[in-house]
Protein chains: 2
Amino acid sequence: MRVFSMQCEATMQFHLERSVDVLRRTPGVLGAMLGDIDAAWSRTNEGPETFSPFDVVGHLIDGEETDWIPRAGIILAQSANPVFEPYDRFRHRARNAKRSLESLLAEFAELRAANLIVLRSWHLTEAQLDLPGVHPGLGRVTLRQLLAAWVVHDLGHLAQVARVMAKQYRDAIGPWAPFLPVVTDHPTPRS
Amino acid sequence: MRVFSMQCEATMQFHLERSVDVLRRTPGVLGAMLGDIDAAWSRTNEGPETFSPFDVVGHLIDGEETDWIPRAGIILAQSANPVFEPYDRFRHRARNAKRSLESLLAEFAELRAANLIVLRSWHLTEAQLDLPGVHPGLGRVTLRQLLAAWVVHDLGHLAQVARVMAKQYRDAIGPWAPFLPVVTDHPTPRS
């Protein structure tokens, strides 16, 4: 492999196979991070109205059931008014109140695998990737942007899980806090 | 399992077994995120002087070889002056210039597993966890704080890998950027 380094100034264009390759990994990453872990790591959060790792898995399940592939389907149907349903960021709270983390991890893995089968079955063309939909908050978006957002949404929530876990040791690290800024990152909720 | 939610205000006290349980997971998490992934994800970074995911794996290897367990050993030796060696954040650059990501992931997994065997072999007591060492920048730290910092260091770098990957799609997501703040997070390097 050729060794190279690109800077963030030159970001990647959307690439369907590279996107699927990230999306397919997320259930395994979450399983490795959270499978059978102590609730002291999985059920704690960053403060009021923030997600615990348990909440993040529920939120990703909501995305599989109500967001990414359903919205892609609205775009591909090419109706006169391809408006997405608003997304409920707190659907998971009532839905999963009595669930175990293990069962949510398994459910997410099944839903994601099934959705990627659907995505691949579409054999999307460049022209289809440019088709528009209407986001309730953002206005006109393309299928390409929607699929890129799916990838980034996964990665943002993986970063969140690691950050939330790290913060549980904010006091335990003592004088190391200035050298490990993840423990003081994002004092107010933002995503 | 009893369902509960604690807020970050009440952080966890250091807990050896819970710490080992996070530390043992990191090689598998990185393997799930990065194994056989396209260099467009693994070799790109957030700008000058920042780490790519490839760099992060090399940096974690440096930690196994020169930082956490060697420093714990200095503390446990109880010499009159238990000063840690300074840590070289860029040792990995020359060391790994010709290495593949796959070989680094495998090496990290081996080093981490061996170091956790060493850690477990010590059967650390509460009194030993309170023993001090001298950090070249932070001054007096305890073994307990050192081991907590090892955990947080892992988690901070996992968050970094996810964030660096997400940023490669900063432009591809188009109007979604304000809803996915991970793509604009930490515009200047800080850890």
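The values are calculated or read from the model by the stated rules, or taken from the named source; none is laboratory data. Quick caveat: nothing in here was measured; it's all calculated off a predicted structure. Please note: Cβ atoms are built from the backbone with ideal geometry, for glycine as well, and neighbour counts cover all protein chains shown. The protein model used for the area step is the full one, side chains on, heavy atoms only, and it has no ligands, DNA or RNA in it. Shrake-Rupley method; radii C 1.70, N 1.55, O 1.52, S 1.80 Å.
In the full protein context, the stretch B:21-134 carries 42 Å² of accessible surface per residue, based on a 1.4 Å probe and ignoring ligands, DNA and RNA.
Largest first, what is the accessible-area ranking of A:W41, A:W122 with a 1.4 Å probe? Working shown, then result.
On the way: A:W41 0, A:W122 70 Å².
Per-residue accessible area, sorted high to low, gives A:W122, A:W41.
Across peptide A:47-54, the mean count of Cβ atoms from other chains lying within 10 Å of each residue's own Cβ comes to 2.
Compared with its chain on its own, the stretch B:165-185 contains the following residues whose accessible area drops by 40 Å² or more in the full protein assembly (probe 1.4 Å; ligands, DNA and RNA excluded): B:Q168, B:Y169, B:R170, B:A172, B:P175, B:W176, B:F179, B:L180, B:P181, B:V182, B:D185.
Expected output is a single nm value to one decimal: the length gained when fully extending between A:E49 and A:D130, i.e. 0.36 nm times separation in residues minus the C-alpha distance. What is it? Walk me through the intermediate numbers first.
Numbers: separation 81, 0.36 × 81 = 29.16 nm, distance 3.59 nm.
Extra length available between A:E49 and A:D130 comes to 25.6 nm.
Taking each residue in A:69-77, count the Cβ atoms of any other chain within 10 Å of its Cβ, then average. What number comes out? Walk me through the intermediate numbers first.
Details: counts 0, 0, 0, 0, 0, 0, 0, 0, 0.
For this peptide, the per-residue mean of nearby foreign Cβ atoms is 0.
If one puts a single equal scatterer on every Cα of the stretch B:109-191 and applies the Debye formula without solvent, what log₁₀ I(q)/I(0) results at q = 0.16, 0.17, 0.18, 0.22 Å⁻¹? Here the Debye-derived log intensity ratios amount to -0.80, -0.84, -0.88, -1.07.
Quick check on chain A: helices-only [θ] at 222 nm, where DSSP H runs of length 4 and up contribute -39,500 (n - 2.57) each and the sum goes over total residues. Nearest 500, please.
Numbers: 9 runs with 96 residues, N = 191.
That comes out to -15000 deg cm²/dmol.
For the stretch A:126-148, accessible area lost to neighbouring protein chains reaches 50 Å² or more, against the chain alone with a 1.4 Å probe, at A:L138, A:Q145.
The calculated pair-distance distribution of chain A uses every alpha carbon pair, bins of 10 angstrom beginning at 0, and gives 8, 31, 33, 22, 6, 1 percent. Peptides B:168-177, B:150-159 ranked from most to least packed give B:150-159, B:168-177, packing being the mean of other C-beta atoms within 10 angstrom over each peptide's residues.
Counting Cβ atoms of other protein chains within 10 Å of each Cβ in A:115-123 and taking the mean gives 0.
Computed from backbone phi with θ = phi - 60° and the Karplus coefficients 6.51, -1.76 and 1.60, the 3J(HN,Hα) list for the stretch B:29-35 is 4, 5, x, 5, 6, 10, x Hz; x is used for glycine and proline.
Each residue, A:E85 and A:Q13, gets one label point 7 Å from its Cα in the Cβ direction; the gap between the two is 3.5 nm. The modelled label-to-label distance between B:W122 and B:L76, using points 7 Å beyond Cα along the C-beta direction, is 0.5 nm.
How much of the accessible area of the protein assembly as shown, in percent, comes from carbon and sulfur atoms when a 1.4 Å probe is used?
On the way: 8730 of 15800 Å².
Roughly 55 percent of what the probe reaches on the protein assembly as shown is carbon or sulfur.
Along the stretch B:110-115 the Karplus relation, 6.51 cos²θ - 1.76 cosθ + 1.60 evaluated at θ = phi - 60°, assigns HN-Hα couplings of 5, 5, 4, 4, 5, 5 Hz to successive residues, with x for each Gly and Pro.
All other residues whose Cβ lies under 11 angstrom from that of B:D67 are scored, Lys and Arg at +1 and Asp and Glu at -1, for a net of -2.
How many square angstrom of accessible surface are buried between A and B, both sides summed, with a 1.4 Å probe and rounding to 100? Intermediate values should be presented prior to the final figure.
Working: alone 11340 and 11360 Å², together 15800 Å².
Interface between A and B: roughly 6900 Å².
Start at zero, step by 10 Å, and the Cα-Cα distances of the stretch A:24-120 spread as 15, 42, 30, 11, 2 percent across the bins.
Of A:Q13, A:Q160, A:Q145, which has the largest mean-square fluctuation in a 10 Å C-alpha GNM of chain A? It is A:Q13. For chain A, the relative contact order is 29 percent, taking Cα pairs closer than 8 Å that sit 6 or more residues apart in sequence and dividing their mean separation by the residue count.
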